[in-house]
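One structure, pasted below without further comment.
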């Protein structure tokens, strides 16, 4: 018999499920692609970001294959990388034309004769 003065233990409850699943992998290639692509575009306005832009494109394509869930990052890296390559080429052409014009100027102030 059970003693009426002693309370019965509470029934067992359901086990609590884990709050979070396994951590999703970090989209490292895609994030680096975005950062390097933006750097290449910004530095490209002075003619020195071609290497960064190419790196953004390469890492963007690698991120596209290996990290399809991080579409926003690798797509930003690809777009800024390709635009950065275009800007770099245009700026380099402008610099070359500028220096040829300076060098071919007959009234060059740096020329002593």
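Where a number appears in this text, it was derived from the coordinates with a stated rule and is not lab data. Keep in mind the model is a prediction, meaning the values are calculated, not measured. Every residue, glycine as well, gets a Cβ built from its backbone with ideal geometry; the counts of neighbours run over all protein chains shown.
What does the helix-only formula give at 222 nm for the chain: each DSSP H stretch with n ≥ 4 adding -39500 (n - 2.57), the total divided by the residues, and the result rounded to the nearest 500 deg cm²/dmol?
Calculated from helices alone, the mean residue ellipticity at 222 nm is -20500 deg cm²/dmol.
Report the label-to-label distance for residue 24 and residue 71 in nanometres (one decimal), using points 7 Å from each Cα along the Cα→Cβ vector.
Output for this residue pair reads 1.3 nm.
Listed highest first by mean packing, meaning other Cβ atoms within 10 Å per residue, what order do 37-49, 16-28 come in?
In decreasing order of mean packing, 37-49, 16-28 become 37-49, 16-28.
Hey, what did segment 28-103 get for relative contact order, percent, Cα under 8 Å, at least 6 apart?
For segment 28-103, the relative contact order is 40 percent.
So what's the projected area for the chain, the Cα convex hull averaged over all directions, in nm²? Intermediate values should be presented prior to the final figure.
Details: hull surface 56.9 nm².
For the chain, the mean projected area of the Cα convex hull comes to 14.2 nm².
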